[in-house]
1. Please specify each residue of region A:73-95 satisfying the condition of being under 15 Å from residue A:34 (Cβ atoms) and in a helix (DSSP H, G or I).
2. Answer yes or no: is there a residue in region A:119-133 that is more than 16 Å from DNA strand C (Cβ to nearest atom), over 16 Å from residue B:125 (Cα atoms) and assigned by TED's automatic domain parsing to the domain that holds residue A:226.
3. Kindly list, by first and then second residue, each pair from a residue in region A:217-239 that is at positive phi to a residue that is surrounded by fewer than 21 Cβ atoms within 10 Å (Cβ to Cβ) and at pLDDT below 90, limited to pairs with Cβ atoms under 6 Å and residues at least 6 apart or on different chains.
4. What number of residues in region A:30-72 are in contact with a helix residue (DSSP H, G or I) (Cβ under 9 Å, 6 or more places away or on another chain), in contact (Cβ under 8 Å) with a residue 12 or more places away in the chain, within 11 Å of DNA strand C (Cβ to nearest atom) and outside any helix (DSSP H, G or I)?
5. Name, by its number, the condition in (1) at the interface with chain A (Cβ under 8 Å from one of its Cβ atoms); (2) at pLDDT below 95; (3) near DNA strand D (Cβ under 10 Å from one of its atoms) that does not hold for residue B:89.
6. Among the residues that make up region A:132-147, is at least one of them part of a loop (DSSP other than H, G, I, E, B) and in contact (Cβ under 8 Å) with a residue 40 or more places away in the chain?
7. Does any residue of region A:70-81 turn out to be within 16 Å of DNA strand D (Cβ to nearest atom) and surrounded by fewer than 16 Cβ atoms within 10 Å (Cβ to Cβ)?
8. Determine, yes or no, whether residue A:93 is surrounded by 20 or more Cβ atoms within 10 Å (Cβ to Cβ), within 27 Å of residue B:101 (Cβ to Cβ) and more than 8 Å from DNA strand C (Cβ to nearest atom).
DNA sequence: GCCAGACGACTGGTCAGACCAGTTGATCTT
DNA sequence: AAGATCAACTGGTCTGACCAGTCGTCTGGC
């Protein structure tokens, strides 16, 4: 370890300078920071290649395990991807939303005080998506939404899987039409979490009726979007979600969902 | 590498079984997954301790570097924290919003239209927090909010750091009063990301005026919360955020923020 | 001339063993 | 009993090795 200049406190000025408690910064951390800085700063655009590990060892003057731990950190942040045997070195991926939805998924999994919270959160996000989408959507968006609603209706009796896929597509298009990628990502992650949480509870008995009501709801929302009536679309979206999920939520939690209805 | 049972395809039934292309799963990945599963599943609650690395080496039957890379991944996800010399082993932290705000920060840093999107998203989340908090808050919440507003006002001319800390506290209390932990965590993460994104842009010239306006906004919101007027509190919250951040957002992106004003 | 296959020089993934600096708690000293 | 000492840990880092892939090249046969 020859290049250690972290604890350098060479402020030559005498007097009552106050020193910060120097907390040790791990070597792998500084390696990771340097590389991340290069990526985020645009120095290493997506698609670029990092030097091979053994080359990084030379450049950073650290051991290979240190370099590897740094690369692991970057990889788990989704910034790079490495493949064994690749003579070009690790590939720079740039910033992707995957990491964000991963973090969100973890949050929902651990901090879940119940389905009610999750559904309530989804009601908020979806409603806001509708509100924004109503005033920002393009004609193309409407066409795609209509097609998705048709597809939902088409597989209403017997294909719940395709139905739920079309449903997810509908919400995704709306979220993207809202013009806010962040909102779209969160909505998508929460949607996935909801689906995962309830997929076991869905007994297929009155599923057909359920699906039909869902289609009707989506049609109403679509009409509101077409009319650029954001407020109405948002309210409809909230109601639709309430209708779907309220029966699956424990009695005493249902008041939370009602609170989100406004 | 003695415990390798990933590629096991011992389905004894003959016939036209279709095999999946087996993609290699790294050892450190499986180690990390196992530990993460234990944490998220509640088996290892926050505050619990992981076995020492050398003990994990024994239990997982892998090399120490593999264990260490797995721990690095978990650490960079904010799930654990390790300290050199700690005889108790790495500490389980549980899921925190820090990782989410980190991802958000990266996303805004790389994505150019980031700040407007981020602020818009914060407007939505905060507004919904206000709406819910207005009808769910307790008397204690109001007292704490009042105290925080006072503290903000107290350090208005000369202590921007404490000011922004009190501000963060205010928003956190509101988010928690909304009764939705998911919403609170996301709002907190977005708040942190916004603060980090703009901290460099904040020239301290008209900072005092800025802070004074902020205090007034918070007082108004507090009054609306006290009156259980969720709709009004939400609108006030949106306006406050617009006022603060619109000047920092590029001209052509400002329309997005306006759209979120309703 | 061209294409298939062997070869070798890489790559990342993993392991083993070692050393260091820091923490801790028991033991010894005063 | 309070303080210094020490040994047994811990995590952080380095080194060197091996393996299984990947790929460019080289060589053989067609």
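The values are calculated or read from the model by the stated rules, or taken from the named source; none is laboratory data. Bear in mind that the values here come from a model prediction, so they are computed numbers and not experimental data. Cβ atoms come from the backbone with ideal geometry, glycine included; neighbour counts cover every protein chain shown.
1. If the condition is that a residue be under 15 Å from residue A:34 (Cβ atoms) and in a helix (DSSP H, G or I), then A:73, A:74 are the ones that fit.
2. Yes, region A:119-133 has at least one match.
3. Once the first residue is at positive phi and sits in region A:217-239, its partners that are surrounded by fewer than 21 Cβ atoms within 10 Å (Cβ to Cβ) and at pLDDT below 90 give A:228/A:135.
4. The total comes to 2.
5. (1) is the only condition that residue B:89 fails.
6. Yes: region A:132-147 contains one or more residues that are part of a loop (DSSP other than H, G, I, E, B) and in contact (Cβ under 8 Å) with a residue 40 or more places away in the chain.
7. Yes, that holds for at least one residue.
8. The answer is no for residue A:93.
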